[in-house]
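Visitor: Here's a structure for you.
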Amino acid sequence: MSALSAPTTTIAAAAVPTPNPIQHVVVIYQENHSFDEVLGALCVQDSRCDGSLTATLLNGATYSLTKSPDIVPTINHDTLSETTAINKGLMNGFEKIKGCSASSHYQCLTYYDPTQIPNLAALARAYTISDRTFQLGQVPSFGAHLELVTTTLDGFTGVAPAAMKGYTARAGWGCDSNKFAQWKDPTNPSASIINVPACVPDRTDPLPFLTSDRSAANGGAIAATPVAHVPTLMDLLDAGGRSWRLYTSSSATAPIRAYTWSICPVFADCLYTAQKQNMVPPSQVVADAQAGTLPNFSVLLPEGASGSTSQHNGTSMINGDNWIGQAVGALMNGPEWSSTAVFITYDDCGCFYDHVVPPAGLGIRNPVVIVSPYARPGYTDSTVATTASLLAFTEHTFGLPALGTPDATAYDYSNAFDFGQAPAAGITMVRTPLPAASNTYLQTHTANLDDPT
């Protein structure tokens, strides 16, 4: 049962004030987990947020969630799987997802104990939890990363791009991948889904770094495309004179594997312009925090300096928690901690159990932990939010206009902050050795680390 009864949906009483002390917004964007799976046990133990350790099966029986192993179970988490799990609001379709049948011991009906994620748990207990943040769409990682910086899928279904006959596929998901993605004309509800280049084109600005196999007429895409150009949060920050970085794999040949999650390559006006220089290795976030050279806005994307830290299906949860602790520890001990707000969240459900029915059109709840000297200590923010709320907070903090309706109307986590309180100090982060079984698994299943869904 839930630790608390489901809170009434509330409307934010006020927006984040401008100006405020925050000059650095950091989004740590991890992979593939639901709220109940990551924070449900903590909510039940602490009786401070809406988490559940029980599920209802299709036959109406109550099922107690089981403790997950450190290696994250591999469950289908595409759009169809998430829609199946939600099951028209009954939240009982998870067992129908590939990888989560009774024969597999319902591996998606699992949870992590706070002792398995000690850094995230400590941050959640010391600072603020949002237990009503929902994914903007019921999509896997490709769509979720689009929405993080645009609040729109721009017609893409969100399904990961794939190779197409006649084109030599390359690494990644974006304009330089030569891959194609499912797309449906957003202006025509009766349109069919077609395959188009996995690229948001730039039809207005020059593309000074366009490669020889791209046509300016196609806006940087590998072939003609009907996809419309849309601006990004990075464009807003540039126009507003604010600095930004994507701490991520900076090229398809970089030693960091996760070029697929890098965001910038999907947008021609990022990949083929000077904006590309704002992609830097994930480990640089530690150096920037220590040196006091953080940008105004940044996204810390997988993978971390120690390898597979994404917490993606088939990887170690502890390894990711260690990386979160290292990164946040550097931020808390750096000279800019007093002006920093950190949002730790996940891009999609994974697709693990959650008991809260999403509002119409939204996806399953994301775990969100808000860390800042001005985050309310030990607080739970139960105002309904979405991925667009991260943009709303950033836009309101830096006085930027909204990209569109989702962020213009989104709750901006204003209740999670008290800018009048005495700034809270940082807390101690820990490093936990990987279990022997995890080390053995990772050494023999390295192929799983490159699964980008």
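Just so it is clear, none of the values below were taken in a lab; they were calculated from the coordinates. Remember, it's a predicted structure, so these values are computed and weren't measured experimentally. When we count neighbours, we look across all protein chains shown, and the Cβ atoms used for this are built from the backbone with ideal geometry, even at glycine.
Visitor: Any idea what the dipole of the chain comes to, in debye rounded to 20, about its Cα centre with Lys/Arg Cβ at +1 and Asp/Glu Cβ at -1?
Guide: Result for the chain is approximately 360 debye, rounded to the nearest 20.
Visitor: Another question about this same structure. If one computes P(r) from the Cα atoms of segment 151-302, what percent of pairs lie at distances over 18 Å? Numbers along the way, then the final one.
Guide: Values: 6678 of 11476 pairs.
Value for segment 151-302: 58 percent of Cα pairs lie more than 18 Å apart.
Visitor: What is the calculated FRET efficiency for ASP418 to GLU336, with r their C-beta to C-beta distance and R₀ = 22 Å, to the nearest 0.05?
Guide: That gives a FRET efficiency of 0.65.
Visitor: Within segment 146-255, list the trypsin sites (Lys or Arg not before Pro) lying in a DSSP loop whose Cβ has at most 11 other Cβ atoms in a 10 Å radius.
Guide: Details: sites: LYS165, ARG170, LYS179, LYS184, ARG203, ARG214, ARG242, ARG245; in loops: LYS165, ARG170, LYS179, LYS184, ARG203, ARG214, ARG242.
The qualifying sites are LYS165.
Visitor: Also, I was wondering about something else. Which distance in Å, rounded to a whole number, links the C-alpha centroids of segment 267-294 and segment 315-382?
Guide: Using only Cα atoms, the two centres lie 21 Å from each other.
Visitor: For a test of the definition: using alpha carbon positions, the gyration tensor, and the 1.5 limit on a/c, classify segment 293-382 as rounded, prolate or oblate.
Guide: Here segment 293-382 falls in the oblate category.
Visitor: Which residue, chosen from VAL371, GLY399, TYR413, occupies the Cα position most advanced towards the positive end of the dipole of segment 355-453, where the dipole is computed from +1 (Lys, Arg) and -1 (Asp, Glu) charges on Cβ about the Cα centre?
Guide: VAL371
Visitor: Could you list ASP381, ASP70, ASP238 so that the one with the fewest beta carbons within 10 Å of its beta carbon is first and the one with the most is last?
Guide: Arranged by neighbour count, lowest to highest, ASP381, ASP70, ASP238 become ASP238, ASP70, ASP381.
Visitor: Also, I was wondering about something else. If the cut-off is a Cα-Cα distance under 17 Å, which lysines reach LYS184, setting aside same-chain residues fewer than 8 apart in sequence?
Guide: none
Visitor: Mind checking which lysines have their Cα closer than 21 Å to the Cα of LYS276? Skip sequence neighbours fewer than 8 apart in that chain.
Guide: LYS179
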